[in-house]
Structure formats: C-alpha cells, structure tokens
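The values are calculated or read from the model by the stated rules, or taken from the named source; none is laboratory data. Just so it is clear, the model here is predicted, and its values are computed rather than measured. Cβ sites come from the backbone with ideal geometry, for glycine too, and all protein chains shown count toward neighbours.
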Ligand SMILES: [Ca+2]
Ligand SMILES: [Ca+2]
Ligand SMILES: [Ca+2]
Ligand SMILES: [Ca+2]
C-alpha cells in the first residue's frame, strides 16, 4: 500500500489542539521533563517474545509476555505514556499492520492497542517522546517502507500528533527516540536509520532539523537514545550499531552532531551489536550511557560514564533477555 497516501488521507491533527499546544509551549521550563528512565529489552521464550522493562541500574521493573503465542517478532521501547511516574512499555508486532500496544509499567495492564498502519506487512520500530510537552510520553511508530514513514500518537488521548517521511528516497530499519534540544518544552524526534548510522532529528511538526551520519561505512540496524549524559544541560544522542558491528560499537553525539565518545567496550570477538539507552545507573544524579548486548555471556545493562566513557558498576544479570 502507499503509506504516504494513507497518511495524507488519514486522520490529521486537530488544528484547535495544535493552537492550544503552542500556547502551552510558551511556559519556561528550566529542567527537562521528569520522564522516568528505563530501558525495554526484547528476548525469546517458548511461549513467544518477552519484554523486560529494566531500571538503569539493571534491575527488572517488569517482565511481559505481550502477545502470547505470537512468534512474528516484537520491538519495544520505554516511556511514561500515562504520566504516573512509572515508565510504561510500548510494544510493536512485526509484519502485523504496525500493531502497537502500550502496557502500564506499574500494573502490566494494556493501556492502549491499535493497528497503526492497516494493511502494512513490513517491520516497524517504536519509541517515545513528549512532542506536545504535556508530560505524557507520546508513542512513535516508524515503518521500514519507502521513505520510512514515522507516525506519532499522543500519550494522553491517542490523537495523531505528527506524520512524516523520515528518509525520503530509501527504506531502512529505524530506531526512534526523542529529546528537547531547543528547550522549548517539546521533544524533537530522533530517527536512527541503518545506512551509515544516519541520525535524523525532526521537529514535532515533522520538519527536519538536522542529519548526521554517526557510523560511516556501517550498513545495518542501529539503536538510538538521548539524554544529557555530560551534565551540561543539553541532550546528547547515543547511537549503537546493531549486529555485525565490532565490539558493540556505540557513538555519543553532541547537540551539533559531533562525536563526543566512541565506545567499543567488550571483547574484540563480540559482533552482536548493542541496544542503547540513558539513565542514572550509579545513583549520582547524572544520566549515564546504557548498553544492552546480545550475547548470553554479556547480559544485563552495561553503564558507561557519558564524559569519560569509563565502565561503571556493571553486574551481569542473566534474568534479563536481550535480542536485537
Ligand atoms: Ca506510566
Ligand atoms: Ca505528550
Ligand atoms: Ca524542542
Ligand atoms: Ca549534555
């Protein structure tokens, strides 16, 4: 199907709602939205794909079997969609009309579920970002289809907030995240695409703000996350190379797209790739770079200092499954 035509003919954001949100954005916010940091990791079990919601220090918050019996593969992301202070789990089913369900991190109950791309049979990526600044994390869905369509749905009411083509001209598996780079109280959308580790930043209205190629020469899936890991009040973007990259290659970009850090932390024989996140792993009040690696000997969350790149208090945790 033509996804772009579907979007153009589909439900559009309500203009009245857009105007009201613009007023909300005028308030001054000195600190980023207090979104709880957590990482959602996908693993396998005989009963189907499992998803673990994990604290930055590596302890599990909740383990889910999101779609019992479904063996088509899932993707997952964390974000406080219902704004209760606990991270929730956004789970997408592959090759199933862009089906996305949100599970309450506090109870495990389903908060919402919908086919975001009716008739679409390809793979998707999911993420979260607060595009409208209401502190309810909004749900991001991106398709590995021509132009890589990205859709955003409001966490509060499910209304479509934004829709655009992330990579006009080519398709790629994409990873989605968000952070407020211009400090207007609304997150920008970060799209990580497979080709050269392309990192594209879009404003909430779908206009492109910047493009960086974080992993030149690497052709494969990537994982993106964002947050202030250097303590200067400005978010950084963390880009993790997927399977095939040497030693879990991870790059930290500063706000202008330049490289702050390159991490290749694990044994030289490891080529399994990494899922990246941000969060305060050691409790010092500053966010750290989090890596989850797809190798049963390297399980759990690996935290790294965002300034020095030093490995912090890593403790292997074999209860946390990881699949890329
Ligand atoms: Ca929540
Ligand atoms: Ca929101
Ligand atoms: Ca912003
Ligand atoms: Ca920073």
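What tally of residues in the range 185-205 results from selecting those that are over 17 Å from residue 251 (Cα atoms) and buried (at least 17 other Cβ atoms within 10 Å of the Cβ)? If you could, list the steps in order and put the result at the bottom.
Within the range 185-205, the subset over 17 Å from residue 251 (Cα atoms) is 185-189, 202-205.
Next, only the ones that are buried (at least 17 other Cβ atoms within 10 Å of the Cβ) stay: 185-189, 202-204.
Total satisfying the criteria: 8.
Count of the range 182-203 residues, restricted to those that are more than 16 Å from ligand 4 (Cβ to nearest atom) and more than 16 Å from residue 126 (Cα to Cα), is 8. Before we move on, is residue 221 within 16 Å of ligand 3 (Cβ to nearest atom), buried (at least 24 other Cβ atoms within 10 Å of the Cβ) and under 17 Å from the mean Cα position of the chain (by Cα)? Considered against the rule, which asks whether it is within 16 Å of ligand 3 (Cβ to nearest atom), buried (at least 24 other Cβ atoms within 10 Å of the Cβ) and under 17 Å from the mean Cα position of the chain (by Cα), residue 221 comes out as no.
Do you know which of the residues in the range 232-265 that are part of a strand (DSSP E or B) and either free of Cβ contacts under 8 Å to residues at least 12 places away in the same chain or within 16 Å of ligand 3 (Cβ to nearest atom) (or both) is surrounded by the fewest Cβ atoms within 10 Å (Cβ to Cβ)? The qualifying residue surrounded by the fewest Cβ atoms within 10 Å (Cβ to Cβ) is 236. Quick one: in the range 169-191, which of the residues that are away from ligand 3 (no atom under 16 Å from the Cβ), touching a strand residue (DSSP E or B) at 6+ places or on another chain (Cβ under 8 Å) and assigned to a loop (DSSP other than H, G, I, E, B) is farthest from residue 219 (Cα to Cα)? Ranking the candidates gives 170 first.
Residues checked against (1) at pLDDT 95 or above; (2) buried (at least 24 other Cβ atoms within 10 Å of the Cβ):
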position: 168; (1), (2): no, no
position: 173; (1), (2): no, no
position: 177; (1), (2): yes, yes
position: 208; (1), (2): yes, no
position: 230; (1), (2): yes, no
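One residue alone among 147, 133 is in contact with a helix residue (DSSP H, G or I) (Cβ under 6 Å, 6 or more places away or on another chain) and over 24 Å from residue 64 (Cα atoms), and that residue is 133.
Residue-by-condition table, conditions (1) more than 19 Å from the chain's Cα centre (by Cα); (2) away from ligand 1 (no atom under 16 Å from the Cβ); (3) buried (at least 24 other Cβ atoms within 10 Å of the Cβ):
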{"site": "94", "(1), (2), (3)": "no, yes, no"}
{"site": "99", "(1), (2), (3)": "no, yes, no"}
{"site": "111", "(1), (2), (3)": "no, no, no"}
{"site": "127", "(1), (2), (3)": "no, no, yes"}
{"site": "137", "(1), (2), (3)": "no, no, yes"}
{"site": "145", "(1), (2), (3)": "no, yes, no"}
{"site": "148", "(1), (2), (3)": "no, yes, yes"}
{"site": "155", "(1), (2), (3)": "no, no, yes"}
